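Please treat every number below as a calculation from the coordinates, not as lab data. Predicted, not measured: the structure shown is a model, and the values here were computed from it. Glycine also receives a Cβ, built like all others from the backbone with ideal geometry; neighbour counts cover every protein chain displayed.
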Amino acid sequence: MNITENNGIFIIETENTQYVLSPDEAGRLRHIHWGKKCKRESFVLPAKRGEPNSNHTSLDEMGTEFIPYGSTCYRVPALKVEYSDGCREALLKYKDYKITEKDGKALLEVFLEDEAYSLSVTLGYAVRENFDIIERFVKVKNNSDKNVLIEKIASAEFTLPSKRPYLSTNFNGAWGSEFRREETEVKNGTLIYETHKGTSEHTYSPCFILSQDATEKSGEVYFGALAWTGSYKVEINRDYSGVTRAVIGLSDFDFSYILHADEEFVTPSVYCGYACSLGQMSNEMNAFAVENILPRRYAKEPLPVLYNSWEATFFDVSTEGQQLLAKKAADIGCELFVMDDGWFGQRKDDHAGLGDWYVNDVKFPEGLGPLVDTVKKLGMKFGLWFEPEMVNPDSDLYRTHPEWAYHFDKRTPSELRNQLVLNLTLPEVREYVFNCMDSLVTKYGIDYIKWDANRPFSESGAENLENPRECRLRHIRAVYEIADLLKEKHPDLQIEACASGGGRAELGALSHFDMIWTSDNTDPVDRLDIQNGYSLLYPIKCMRAWVTDTNRHSRPSDWDYRFNVSMQGSLSIGGNLLKYTDEELEIHRKYIALYKEIRNTVQFGRFYRLADFRNDGIYATEYTDENKTVLFVCKSVNSFFAKRNYRVFLDGLEKDAEYKVTYGMDERVYFGDYLMNVGLNFDMGGTLESELVIFEKA
Ligand code: DGJ
């Protein structure tokens, strides 16, 4: 880790990569290099060039670090402002820089300024010891005495080196099928991944992955993931000269921000890197998130095995019913019992009750006390479901404060799942939400909150704001603020981010919440796909993965298969334990105990996606650390014959070390080189066949 300035050239070095930039003679901040390390003295400023012609301008062509709209720049801008005198362009010139180093983190700040309007822009680049990830962000400060309107502000702009088209990987998901990987070649024009919904959502992810010839073990990959839970925009453009650029940040749709005199605006961060394979990218991001992004309290602790009541009881919760489930959950080894939706207000189904965060006295005549006592006496922690940002029109809260939901006066607010979004930009709403949650956490000693959000924004009127176009931004900031305040007041509280499944599975949520519910779809075959996509950029330990019953959404498969899929993340149980036979409960007991033995390796080890799931219909994933190696092989093709004999080559082992099989195969000791070069053969004769093999390292 190192940041230097040499003859006006800034060189940012991570463990294995370099990022180089420099102001040019005209004060424009030029991008010079991003990728493998070269000798520092090699770098020079890009040569001066005149205008290519009157239609294609030098500003369009040059590699810049952060270009605003203005003058003769017509390409995708990173910034667009309007000054109070009507000038709608910014011209930024390099002013100065600062390099600081503290606690294993080095930070370069490059200061740019629009002199005519006293607007300063700081580009931030932070690196941490032992990682190949750079954190980038932007600060804009209004040093004048007039307002400035920000119409677009990205967190970073990137210029990529090769003129060959890059392959963009993102997702083509939906509710229930999040993280379905999709590749698009960026040949010409602009590829945009964007949401206007106010929340990050199920379709794409706020990230870019641009690769050439990339496999799990080779190639070149440039990537960046935005830490933002609201509307975002990722623009990847390849211009007429073959240069590919990416601009990533807040969505500018129905957005603007009034920057008052002396005010500073800070963008969300984007965490970016260059890697020599998809596998390397994933491992970098996985370890980096644990070390630097997740809320600190639980970042390095393995997550508990959780039981969640949703699929067992849906809204039909009661003291006695939940106590019965809790006893079974504790008996099979669960460590945390979470009561999901249905416990509050007049909640019978999804038509009523959201916003009324008092305990339903018909379902829980003595409050939650008896249930919480039972759970804690059984040695488990207690968790509770909330949907803090929402309100049902059929609720006491809405009847008292209809104006607390986002709305436009002359329109009927549109309901989705019979609910509306609360205007969290109102201080009194934030206070109400915080107080409701805080008082229940305090009263019952709640250890865990599942924070759900089951619809996007609509009718985003917020006339309380000077500029209602700030409401989506301010709403997400309020979500973070409430979560942070709860954690500050209850330092041992864990919070899970959920939004109809995986609608909030990104690094913004993971900067404030401890884990993520990745999808409502618990079908194990679909789940393999979802988990595979998620694992590209997001931390394994935060991926809650439930084992549930076979139901109308989940195809039949045996318990081994279900556990072998869910043990690849943070194992959780979600079925109706009251219906299980003793034999089924014993299977659960066995796997939960086994998971506790391997969870350190799964949640914190290096991991490898070993099989070509698209061609082979096999997902083979290895997790390895200095003690254990865990291998899951799951067949996802519905055929007895396809891939009957499948060979898996392990990865990342020490070639001369001995690995002793302790589970899943005949006990035998293998050398690392054998496992990596000769591999293991699996006879996958069933349709949904799965294997788990555990090795202890000698
Ligand atoms: C959506 C979540 O994803 C589910 O797990 C469950 O909590 C329901 N909401 C409850 O309404």
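Tabulated results
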read-out: Per DSSP, loop trypsin sites (Lys or Arg not before Pro) in the range 78-152 with at most 16 further Cβ within 10 Å; value: Arg88, Lys146
read-out: Per-residue HN-Hα couplings for the range 582-593 [Karplus 6.51, -1.76, 1.60; θ = phi - 60°; Hz; x = Gly/Pro]; value: 4, 5, 5, 5, 5, 4, 4, 4, 4, 6, 5, 4
read-out: √(5λ) per eigenvalue of the Cα gyration tensor, the range 357-496, largest first, Å; value: 30, 17, 12
read-out: Ranked packing of 66-72, 22-28, 636-642, most packed first, by mean Cβ within 10 Å; value: 66-72, 22-28, 636-642
read-out: Amide proton proximity set for Met515, modelled H, under 5 Å, gap of 5+; value: Ile495, Ala497
read-out: Mean-position separation - Cα centroids, the range 588-646 and the range 465-501, in angstrom; value: 35
read-out: Per-selection Kirkwood Rh - the chain (Cα, Å, 1 d.p.); value: 26.8
read-out: Rounded D (µm²/s) - the range 506-545, Kirkwood Rh over Cα pairs, Stokes-Einstein at 20 °C, 1.002 mPa s; value: 205
read-out: Two-decimal Rg/Rh across the range 84-238, once Rg and the Kirkwood Rh are taken from alpha-carbon atoms; value: 1.01
read-out: About the Cα centre, charge dipole magnitude for the chain (Lys/Arg +1, Asp/Glu -1 at Cβ), debye; value: 980
read-out: Translational diffusion of the range 149-250, µm² s⁻¹ [Kirkwood Rh, Cα pairs; Stokes-Einstein; 4 °C; 1.567 mPa s]; value: 92
read-out: Size-normalised alpha-carbon gyration radius of the range 236-311, reference 2.2 N^0.38 Å; value: 1.70
read-out: Potential lengthening between Leu578 and Lys443 on full extension [0.36 nm per residue; Cα-Cα distance subtracted]; value: 45.7 nm
read-out: Distant-in-sequence amide H partners of Lys628 (H built 1.01 Å from N, under 5 Å); value: Lys697
read-out: From phi via Karplus (6.51, -1.76, 1.60), per-residue ³J(HN,Hα) for the range 89-99 in Hz, x at Gly/Pro; value: 10, 10, 10, 9, 10, 5, 10, 6, 8, 8, 10
read-out: Placed amide H near Tyr307: partners under 5 Å, 5+ positions off or other chain; value: Glu335, Leu336, Phe337, Val338, Ile573
read-out: Cross-link pairs beyond the 27 Å C-alpha cut-off, checked among Lys80/Lys146; Lys300/Lys635; Lys487/Lys590; Lys376/Lys489; value: Lys300/Lys635; Lys487/Lys590
read-out: Share of Cα-Cα pairs in the range 261-304 lying beyond 14 Å, as whole percent; value: 63
read-out: Pairs of Cα atoms farther than 16 Å apart, the range 102-183, %; value: 72
read-out: Computed over the range 330-414, Cα set: Rg, Dmax in Å; value: 16.3, 56
read-out: Mean ellipticity per residue at 222 nm, deg cm²/dmol - from DSSP H runs of n ≥ 4 across the chain, formula -39500 (n - 2.57); value: -6000 deg cm²/dmol
read-out: Size-normalised alpha-carbon gyration radius of the range 60-146, reference 2.2 N^0.38 Å; value: 1.24
read-out: Relative contact order for the range 293-351, counting Cα pairs under 8 Å that sit 6 or more residues apart, in percent; value: 45
read-out: Ala657/Lys187 FRET efficiency (R0 51 Å; Cβ-Cβ; nearest 0.05); value: 0.65
read-out: Percent of Cα-Cα distances greater than 16 Å, calculated over the range 375-445; value: 56
read-out: Relative exposure of His202, His490, His33, His56, judged by other C-beta atoms within 10 Å (fewest first); value: His56, His490, His33, His202
read-out: Between the range 432-456 and the range 139-158, the alpha-carbon center distance in angstrom; value: 35
read-out: For the range 217-233, Karplus couplings with θ = phi - 60° (6.51, -1.76, 1.60), whole Hz, Gly/Pro x; value: 10, 8, x, 10, 9, 10, 8, x, 10, 8, 8, 8, 9, x, 4, 9, 9
read-out: Cα-based Rg / Dmax (Å) for the range 536-629; value: 14.3, 42
read-out: At R0 = 41 Å, FRET efficiency that the Cβ-Cβ distance of His553 and Asn55 yields, to 0.05; value: 0.15
